[in-house]
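Remarks on the structure that follows.
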Amino acid sequence: MNKDNFYNLTIEEVEKYFNTSIESGLKNKDVSERLQKEGYNEFEKKKKQTLFEKFLNQFKSFMILVLLAAAIISGIVGYLEGEGFTDAIIILAIVLLNAIIGVIQEAKAEESLAALEKLSSPHCKVIRNGQIYTIESRELVVGDIVILETGDSVPADLRLIESVNLKIQEAALTGESVPEEKVAKPIEGDVALADRDNMAYASTSVSYGRGKGIVTATGMKSEVGKIASMIQSVPDTKTPLQIKLDKLGKTLGIAAIIICSIIFIVGTIYSHNVMQMFMTAVSLAAAAIPEGLPAVSTIVLAIGVQRLVKKNAIIRTLPAVETLGSTQVICSDKTGTLTQNRMTVIRLYVDGETESVSDIETLSDSQTLLLCRSILANDGKISLENDVWKTTGDPTETAMIDLGLKLGLNKNEVEKVTPRIAEIPFDSERKLMTTVNNDHGKFLVSTKGGLDELLSCCSSIIENGLVRELNEYDRQRITRANIAMAEKALRVLAVGMKEISSLPDSIEPAILEKDLVFIGLMGMIDPPREEVKIAVQECRAAGIKPVMITGDHKITAIAIAESLGIKNKEDMALSGLEVEKMSNEELRRNIDSISVYARVSPEHKVRIVKAFQERGEVVAMTGDGVNDAPALKLADIGVAMGITGTDVSKGAADVILTDDNFATIVSAVEEGRRIYDNILKAIQFMLSTNIGEILVLFIAVMANWSVPLLPIHILWINLVTDSLPALALSVDPAAPDVMKRKPIDSKQGIMNKAFATRILLQGGMIGGLSLAAYHIGLQANIEVAQTMTFAVLALCQITHVLNVRSTQYSAFKGMFNNKYLWGALAVVLGLMFTVLEIPALHDIFHVTSLSHMQWMWVAVLSIAPLPIMELVKLAERLFRKKIKQ
């Protein structure tokens, strides 16, 4: 016997398996033994990291470790030379600031399990020792008999043994938008979780009717408990930017070590003072590492977070901002994400014709009759809240009431004129509901339900106001209309009626649901959000593959996916069972041609996300239910819905959309791409300047010249004149083509060939201009030479930062559309003139006053990067144009 397939077993077999009694339940002794063996009905708690552990994790970056080493060495050298610990303190301050910001952003990262626990019903009703008790849900054990009533949360996984009009809302677990009708009879074959109609699962809720069930699984062994285990087992993954920055840090660190060694060895060969050469080597190492880069990238991401809040996206972890820009695949849940999560009537069939509701301007008599009778045979409620009508109840019933409101029929007013006096509730066996309303002495019988069931009760049909006998041709037309709606994934309900002069002695289906007059059909669906169609088009234009992963039926999923443009004709759609039969290799091989996954479980969603990731794709996963949480956490970027989303999905996600709008993801992706571009600009700007510093020092040492830059100059340039303009680049506007190009390749490092070449050439330019200043200054003395080198190297950045704003367009295009950049440049210029012109600061910064001629040379050499790079860009544009021709 497969213990997972209790839905295949009869009630007697399940009762025997758990050694319980459906009449009297378990005895206290049995409960105690099972509690001791199985444990409480609750989730295991994963050990959380302490604040100190989270703090230590911030120092795992190679670049951070290199900076810490540089701080220690700077402190030792400063102490030995009597220059104090200024350099070391500044570097440490930057590293600590970066760590503190990281800890604050990750403070809520482990809320998923706590949110899962909140979903558990605190109390439930059980039968034990032949009596009904109300107990804490955590005390449930397998074999307990649980009583379910409308409004209850299901406290554990149950095999139903009794079902009276029972409907359970399972959207959070399965993704199914409509409450599931439940039965007690066994189900044959292997069926998906969402189709196990004789099972009730923990964390779902009873929306209608009542029932009883035998507990089959508790705690971590329940379906929602398995999800908890999956969330725990999903490893924390690094974002593309984190990986690239780590790789860059390692490259720079290794380069720094090599350069230090070369300088030290060459200096020793030249018989320079060993300590002096050690200091020079350390200074050069400091120049190789952009100390401000971790702080700048963190602050740039934090600014992006604030911008996205205004666009209805809350970012829970800083790196998630950049990951959005690298997204290559968006796997989206359907219900409530791509759709409105509200059933809506969109088609009516009356008088032998099917008509779209959107085309109806004025209701015909037949349409009015159909709508009026569907409202009467309806348990949905309507109330006025803040001058807006609100409907509550079963989604299919509220859809009918909503349509009535839209077309001028208010359920409350209709029932006021024709009050309900009797009813036969919906029954899952009959699949019908019937009401009797008093219409001024005559009685209106209204019935709605499944077409086959209702047609079997009809003997007449009303067309164009005339009632006549229902013939075989009519039945065929009605059936064809039903099939046509079903093929469009519509949920179809039929409506019938009759009038009786007096109430029968017994209100029974055999009496009231007989010789009915067929009125028509109503087709409804959870409609797609209109704005999502545009968002999907923008995704495709941006090279992003949209994929639907839902727990809903395959036909429904395909219809929605095709209407939104997610599924093309050549794309495949698979069910969860089909995915289950595929090996991981088969799934990876075919995944590019699959755009729809229907009737899937949480495990399937995780497999799909993994398959994309194993192909090197950066995956975003959207969702709002418990069933989405594991995939949300595993994905490179998890996006939860803020309004309809469960606490579990929000706790597992990186991004929360406050408007539950898929289209907001596109705005977030655009922001992510803009931020990534701007971080690259900052890296290019800082590294090209640092390369210039390295070349100046390296060439000077190799040529056995006096040192042109001192450690204080290098640190000032790296932390002040580098960082302020780099930070201002973070608010640069997005490039016009930002959403018309392919996503950034996550496998491609920051330092690719083109990027490295550009930085080396620009660094060579800055280094050459600085060395020119050094030699001009040497005509006076070494102090003037060092001052001019320092001034040119720092002031070159003011013009060079304009160059890096675009790799292809002129710096003069959109030159003034970033006021913060100009503010930063003004501050840098002011600080540099303060350092160079105020005599009291000269000793601190080891600079001297310059003559007018020397200042003129500084100005010419500092402005030179702009015309030089303009000529380079012009040549590149002409070259690309020639290639295209």
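From the list Lys381, Lys411, the lone residue that is of a type outside the set (Ser, Thr, Tyr), within 39 Å of the chain's Cα centre (by Cα) and within 21 Å of Tyr208 (Cβ to Cβ) is Lys381.
For segment 200-211, a tally of residues being surrounded by 23 or more Cβ atoms within 10 Å (Cβ to Cβ) and not in a loop (DSSP other than H, G, I, E, B) returns 2.
A count restricted to segment 500-518 and to residues that are within 17 Å of Lys431 (Cα to Cα) and touching a helix residue (DSSP H, G or I) at 6+ places or on another chain (Cβ under 8 Å) stands at 2. The single residue among Ile187, Ile214 that is at pLDDT 90 or above and part of a loop (DSSP other than H, G, I, E, B) turns out to be Ile187. Residues that are surrounded by 16 or more Cβ atoms within 10 Å (Cβ to Cβ) and either among the aromatic types (Phe, Trp, Tyr) or touching a strand residue (DSSP E or B) at 6+ places or on another chain (Cβ under 8 Å) (or both) within segment 22-33 comprise Ile22, Gly25, Leu26, Val31, listed in sequence order.
Of the residues Ile679, Ile675, Ile694, Ile608, only one is assigned to a helix (DSSP H, G or I), touching a residue at least 24 places away in the same chain (Cβ under 8 Å) and in contact with a Cys (Cβ under 9 Å, 6 or more places away or on another chain); which? Talk me through it step by step, then tell me what you get.
Values: Ile679 fails: in contact with a Cys (Cβ under 9 Å, 6 or more places away or on another chain); Ile675 fails: in contact with a Cys (Cβ under 9 Å, 6 or more places away or on another chain); Ile694 fails: in contact with a Cys (Cβ under 9 Å, 6 or more places away or on another chain).
None of the other options fit; the residue is Ile608.
All conditions but one from (1) touching a Phe, Trp or Tyr at 6+ places or on another chain (Cβ under 9 Å); (2) in a helix (DSSP H, G or I) apply to Trp855; the one that does not is (1). Sub-7 Å Cβ pairs linking a first residue in segment 187-210 that is on the phi > 0 side of the Ramachandran plot to a second residue that is assigned to a strand (DSSP E or B), at least 6 apart or interchain, are Gly209/Val164; Gly209/Asn165; Gly209/Leu166; Gly209/Lys167, ordered by first then second residue. Restricting the first member to segment 573-593 and to residues that are more than 25 Å from Val191 (Cβ to Cβ), and the second to residues that are assigned to a strand (DSSP E or B) and not aliphatic (A, V, I, L, M), the beta-carbon pairs closer than 8 Å and six or more apart or on different chains are Asp592/Lys545. Residues in segment 755-781 that are part of a helix (DSSP H, G or I) and open to solvent by 60 Å² or more (accessible area, probe 1.4 Å): Thr757, Arg758, Leu760, Leu761, His775, Leu778.
Quick grid of which residues meet (1) in a loop (DSSP other than H, G, I, E, B); (2) in contact with a helix residue (DSSP H, G or I) (Cβ under 6 Å, 6 or more places away or on another chain); (3) of a type in the set (D, E, K, R); (4) at pLDDT 75 or above:
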position	(1), (2), (3), (4)
Glu13	no, no, yes, yes
Asn19	yes, no, no, yes
Glu33	no, no, yes, yes
Asn41	yes, yes, no, yes
Lys46	yes, yes, yes, no
Gln49	yes, no, no, no
Met63	no, yes, no, no
Glu83	yes, no, yes, no
Ile94	no, yes, no, no
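Within segment 121-144, residues that are on the phi > 0 side of the Ramachandran plot sit with their Cβ atoms under 8 Å from residues that are among the charged types (D, E, K, R), at 6+ positions apart or across chains, in these pairs: Asn129/Lys27; Gly130/Glu23; Gly143/Asp30; Gly143/Arg34. Comparison of Leu825, Leu841, Leu831, Leu795 shows that the only residue that is aliphatic (A, V, I, L, M), under 19 Å from Asn690 (Cα atoms) and surrounded by fewer than 21 Cβ atoms within 10 Å (Cβ to Cβ) is Leu825. When you check Val801 against the structure, is it at pLDDT 95 or above and aliphatic (A, V, I, L, M), yes or no? In short, no.
Restricting attention to segment 580-605 and to residues that are touching a helix residue (DSSP H, G or I) at 6+ places or on another chain (Cβ under 8 Å) and assigned to a strand (DSSP E or B), the residue that is modelled with the lowest pLDDT turns out to be Ala598.
Taking helices (runs of 4 or more DSSP H) that fall entirely within segment 302-415, which contain at least 3 residues that are over 23 Å from Glu538 (Cβ atoms) and open to solvent by less than 40 Å² (accessible area, probe 1.4 Å)? Let's see the steps before the verdict.
Values: elements: 319-326, 365-376, 395-406.
The qualifying helices (runs of 4 or more DSSP H) are 365-376, 395-406.
When residues in segment 608-633 are screened for being farther than 14 Å from Thr550 by Cβ, within 14 Å of the chain's Cα centre (by Cα) and open to solvent by 10 Å² or more (accessible area, probe 1.4 Å), 1 of them pass.
Name the one entry in Asp636, Asp624 that is in contact with a Pro (Cβ under 8 Å, 6 or more places away or on another chain) and at pLDDT below 90. I'd like the intermediate steps shown before the answer.
Working: Asp624 fails: in contact with a Pro (Cβ under 8 Å, 6 or more places away or on another chain).
Checking each option against the conditions leaves just Asp636.
Scanning segment 548-567 for residues that are part of a loop (DSSP other than H, G, I, E, B) and open to solvent by 30 Å² or more (accessible area, probe 1.4 Å) turns up just one, His553.
On the basis of being touching a Phe, Trp or Tyr at 6+ places or on another chain (Cβ under 9 Å), buried (at least 22 other Cβ atoms within 10 Å of the Cβ) and in a strand (DSSP E or B), does Leu166 make the cut?
Details: touching a Phe, Trp or Tyr at 6+ places or on another chain (Cβ under 9 Å): yes; buried (at least 22 other Cβ atoms within 10 Å of the Cβ): yes; in a strand (DSSP E or B): yes.
So Leu166 passes the test.
Against the definition (in contact with a Phe, Trp or Tyr (Cβ under 6 Å, 6 or more places away or on another chain) and under 21 Å from Phe443 (Cβ atoms)), how does Gly520 come out, yes or no? Please lay out each step first, then the result.
Working: in contact with a Phe, Trp or Tyr (Cβ under 6 Å, 6 or more places away or on another chain): yes; under 21 Å from Phe443 (Cβ atoms): no.
Taking the combined requirement at face value, the residue does not satisfy it.
Of the residues making up segment 428-450, those that are over 14 Å from Ile519 (Cβ atoms), in a strand (DSSP E or B), open to solvent by 10 Å² or more (accessible area, probe 1.4 Å) and in contact with a strand residue (DSSP E or B) (Cβ under 6 Å, 6 or more places away or on another chain) are Asn438, Lys442, Phe443.
Can you go through Leu493, Leu577, Leu521, Leu503 and tell me which one is part of a strand (DSSP E or B) and open to solvent by 10 Å² or more (accessible area, probe 1.4 Å)?
Details: Leu577 fails: part of a strand (DSSP E or B); Leu521 fails: open to solvent by 10 Å² or more (accessible area, probe 1.4 Å); Leu503 fails: part of a strand (DSSP E or B).
Result: Leu493 is the single residue among Leu493, Leu577, Leu521, Leu503 that is part of a strand (DSSP E or B) and open to solvent by 10 Å² or more (accessible area, probe 1.4 Å).
For segment 493-522, taking the residues that are of a type in the set (Gly, Ala, Ser) and in contact (Cβ under 8 Å) with a residue 40 or more places away in the chain, the one that is farthest from Asn471 (Cα to Cα) is identified as Ser502.
Within segment 451-480, residues that are without any contact (Cβ under 8 Å) to a residue 60 or more places away in the chain and over 16 Å from Val495 (Cα atoms) reach no partner that is open to solvent by 20 Å² or more (accessible area, probe 1.4 Å) and of a type in the set (Asp, Glu) with beta carbons closer than 7 Å at six or more positions or on different chains.
Checking each residue in segment 427-450 for being of a type outside the set (Val, Ile, Thr), at pLDDT 90 or above and touching a Pro at 6+ places or on another chain (Cβ under 8 Å) picks out Leu432, Met433, Asn437, Asn438.
If you take the residues in segment 524-547 that are closer than 30 Å to Asp474 by Cα and not in a loop (DSSP other than H, G, I, E, B), which one is least open to solvent (accessible area, probe 1.4 Å)? Ranking the qualifying residues of segment 524-547, first place goes to Met524. The residue that is most open to solvent (accessible area, probe 1.4 Å), among those in segment 149-161 that are in a strand (DSSP E or B) and either of a type in the set (Val, Ile, Thr) or free of Cβ contacts under 8 Å to residues at least 60 places away in the same chain (or both), is Ser153.
The values are calculated or read from the model by the stated rules, or taken from the named source; none is laboratory data. This is a predicted model, so every value here is computed, not measured. For neighbour counting, all protein chains shown are included, and Cβ atoms are generated from backbone atoms with ideal geometry for every residue, glycine included. For the accessible areas, the whole protein counts, side chains as well, though only heavy atoms, and no ligand, DNA or RNA atoms are used. Shrake-Rupley method; radii C 1.70, N 1.55, O 1.52, S 1.80 Å.
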